[in-house]
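Every number in this text was worked out from the coordinates using simple rules, so none of it is lab data. Please read these numbers as outputs of a predicted model, since none were measured by experiment. Glycine also receives a Cβ, built like all others from the backbone with ideal geometry; neighbour counts cover every protein chain displayed.
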Amino acid sequence: MALDLHSNGYLAGSTLERVLRAGHFAVTGELGPPQSSDAQAIRDKAAQLRGYCDAINITDNQTAIVRMSSIGAGTIVVQEGMEPIIQMTCRDRNRLAIQSDLMGAYALGIRNLLCLTGDHQRFGNHPGAKNVFDIDSLQMVRMVSEMRDDCIFQCGDKFKGPEPRFFIGAAAAPFADPVDFRPYRLAKKVKAGANFIQTQLVYDIPAFKEYMEKIRNLGLHEQTYLLAGVGPLKSPGMARYMKNNVPGILVPDEIIDRMTAAGKEWAGKSKDELTPEDKRARAKAWKEEGIQICIDLVQEMREIEGVSGVHIMAIEWEEAVKPIVEGADLYPRPQVEQLAVTGEQ
Amino acid sequence: MIVAEQKSLDEIKGLVGDAENVLVVGCGTCVTVCFAGGEKEADIIASSLRMSSKLEGHPQNVRSVTVQRQCEWEYLDQIETEINEADLVLSLGCGIGVQAIAEHYPESWVVPGLNTTFLGIPEEQGVWAERCAACGDCILGLTGGICPIARCSKSLLNGPCGGSEQGHCEINPDVPCAWQLIYDRLNEKGKLHVLLDLQPPKDWSSSRDGGPRKIVRPDLRLLEEED
Amino acid sequence: MWLNMEIKNEFEPEITAFYCTYCGYMAADSAGAMNLPYPANVKFIRLPCTGKIDVRYILEAFEQGADSVYIVACPIGNCHHVSGNERGVARLKYAQKILEDIGFEKERLGIFFMSGSQAQTFAAAAQTMTERTRNLGPNPLREPSLNGGTTD
């Protein structure tokens, strides 16, 4: 069911939900678990995001490369006193495992869920695996909503005890093909029960504004909280790569030019002439510009009607979140009543 | 049709081993149409095995025969003599044909010469592509005649995913995005609203996930003869 | 009783060639009419068109002991049956791949294009293939294998 912004009750009572319901501009971050059982790595990454994000996405075998589970890592984040948004793909689990894992996740104190389709396993390190895709992300949204609101399993059986109450999210790819259909697909996700949406990385503000206008025309901004995806660039090469190789990401030339200009001090030198110090300094300059561009994007996002927050994806660069959040004047994060780990509201 | 591909000659030689009398059995239906196991292919494999075994110093006696369809007992009956004379049968039929020979002639040892790949269509000469996943519960009426189970890499019922790029699937630029095709087809027909309905989770029990399938038609079974 | 024969130690290739009834056969005819010599190693088989080549004919020729096989076809674009010669080429390439898998050198196969009046080309093709085959040696099936085991 669509989020009723006028109701008194919280769906899940998570910090993210409370921040959004209170009307604050939300900030979420992202944490990629390690390719190991290293719990300390989770704690270290989470520590860099502490205080700068309302909730942190924990990826689920992203790009089909096997990593510590989202629920496992999410539980460690809960233990650290922060709030995870666990991600769950349809690629690796059937409906039995999804429901089962989510019941456990809730019992462990996890309150936010992002439902994803998942990259095909061809991209990952186990391309010969059997893929599951028992259900798709929309069906997952509906299923988890019904678990929460109707207290039933997907098969219709009633829960024999407390139901898992998640704040349910879905992803949106505003610029993926077929582009004209994307706002309607978002509408479908909202109708299925998506309480919040996180978009794919956005670098093209004019194109995003057009998309948001269509979203508003469909009234979706009043039925769900949309968080725009932003991410700091590390180099002009990264910008070009994303533009040319990743479906659904538009990178305007102005941004590539800004990144290139940041390295102009070293532009005269050929690759062989650059000293290690040069390379370090240039990388630092690029990164500073990448962060500044991200800050600029966040500030633009704040002005767009219907955008309720940003989702900062600083891939393997969690240290960048602090300067972005501070630079965009979003620090300190609003304090809302914290949720007890046992799940009481 | 069933589409299959020949195994490499090396792999076939490995399966045939050093059997002295080999019978290569071709099939005149699906695998003929996809040039994998018809009469010509059977003759060529037989010739290849004879020549390569002779080159390696242990010539094998390899003959070939082709039946109209390996998946029907009546056609297999016709090659009883040849099967009995062979030490090993190399079937160039699809997986069904290989199993049919093994089942019909349990005394024989049958090995496959093909990899049966998919149910598909010859899009153009020399190109075959998958079309049907045999899910047992056809939904083509909802999608304008384009199957998302077989043609979408993730078998989505509420596609497309975010990996659809300029009409092709994220896994391979040669694979069209099934949902782009469905979107275009429904758009042309003014039926895009169909895509706004949330398709519920599929009941996979009618597909192979539910276990090996069988259909019995009592109305078509042969009547028992009264004694 | 010993026959006083000069035993040739040199190997004489036995070559099977397929020609089409149009340019191929006419080129042979022209060569004959001009009394052009060409090696007697080649035995010709006439087909209505090189598009009628079946990979099985090529394999059978090798199985029966031919040292090389080649095709004489109309020039591409001038096939009497429009594109039969293109099929002939495609089948030759297919046969080459099979022969390589079996363990034959792909040079034992060839294709030559000529029009009906090109007698010289016809003779040259026979000459070329004969020389090439002489260098390649006899059909590997003719020699007993050194891997042990008898051919009986």
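Computed quantities for the displayed model
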| item | result |
| --- | --- |
| Relative contact order of the stretch C:15-135, pairs being alpha-carbon contacts under 8 Å that are 6 or more residues apart, as % | 38 |
| Angle between chain A longest axis and helix A:236-245 axis [Cα atoms, degrees, rounded to 10] | 50 |
| Gained length - residue A:246 relative to residue A:284, 0.36 nm times residue gap less alpha-carbon distance | 11.2 nm |
| The protein assembly as shown, dipole about Cα centre (Lys/Arg Cβ +1, Asp/Glu Cβ -1), debye to the nearest 20 | 1680 |
| Prolate/oblate/rounded label for the stretch A:147-276 (Cα gyration tensor, a/c 1.5) | prolate |
| Förster radius 35 Å - calculated FRET efficiency between residue C:94 and residue C:33, Cβ distance, rounded to 0.05 | 0.50 |
| Pairwise centroid distance, computed over Cα atoms, of the stretch A:161-225 with the stretch A:110-160, Å | 18 |
| Centroid-to-centroid separation of the stretch B:1-65 and the stretch A:271-287 [C-alpha atoms, Å] | 61 |
| Footprinting exposure proxy for C:18, C:11 (fewest neighbouring C-beta atoms within 10 Å first) | C:11, C:18 |
| With eigenvalues of the C-alpha gyration tensor scaled by 5 and rooted, the stretch B:1-65, Å | 23, 11, 9 |
| Förster-model FRET efficiency, 60 Å R0, residue B:103 and residue A:265, C-beta, rounded to 0.05 | 0.20 |
| Cα shape, the stretch A:289-336, gyration tensor, a/c 1.5 rule | oblate |
| Global geometry of the protein assembly as shown, whether rounded, prolate or oblate, following the gyration tensor of its Cα atoms and the 1.5 cut on a/c | prolate |
| Extension gain from residue B:203 to residue B:20, taking 0.36 nm per residue of separation minus the Cα-Cα distance | 60.9 nm |
| Neighbour-count ranking [beta-carbon atoms within 10 angstrom, fewest first] of A:91, A:111 | A:91, A:111 |
| Spin-label pair residue A:277/residue A:326, simplified geometry with 7 Å Cα→Cβ offset, distance in nm | 2.7 |
| Summed residue charge, Cβ within 15 Å of residue C:58's Cβ, Lys/Arg positive, Asp/Glu negative | 0 |
| For chain A, built as a Gaussian network whose Cα springs stay under 10 Å, the top-fluctuating residue of A:157, A:149, A:38 | A:157 |
| Flagged links, alpha-carbon separation over 23 Å, of A:160/B:154; C:52/C:106; A:234/B:154; A:234/A:269; C:43/C:106; A:45/A:191 | A:160/B:154; A:234/B:154; A:45/A:191 |
| Choice from A:65, A:295, A:168 showing the highest fluctuation, given a GNM over chain A with Cα pairs closer than 10 Å | A:65 |
| Net length gained if the chain between residue A:254 and residue A:152 were fully extended (0.36 nm per residue, minus Cα distance) | 31.7 nm |
| Alpha carbon centroid spacing (whole Å) that separates the stretch A:28-84 from the stretch B:138-158 | 35 |
| Among B:61, B:172, B:158, residue whose mean-square fluctuation peaks in a GNM of chain B (springs only between Cα atoms under 10 Å) | B:172 |
| Pair residue C:63, residue B:115: separation of 7 Å Cα→Cβ label points (nm) | 2.7 |
| Residue A:213/residue B:35 FRET efficiency (R0 41 Å; Cβ-Cβ; nearest 0.05) | 0.15 |
| DSSP beta bridge pairing in the stretch B:1-146, given as percent antiparallel to the nearest 5 | 40 |
| Label-point separation, residue C:46 to residue C:106 (7 Å along Cα→Cβ), nm | 3.3 |
| Cα long-axis angle, helix C:119-136 against chain C (0 to 90 degrees, to the nearest 10) | 30 |
| Amide H partners (placed H, <5 Å) of residue B:128, local residues excluded | B:123 |
| Surrounding net charge for residue A:247, when Lys and Arg each add one and Asp and Glu each subtract one, Cβ distance under 9 Å | -3 |
| Value of Rg to Rh for the stretch A:15-327 (Rh from inverse mean 1/r over Cα pairs, i.e. Kirkwood) | 0.98 |
| Chain A, relative contact order [Cα under 8 Å, separation at least 6], % | 21 |
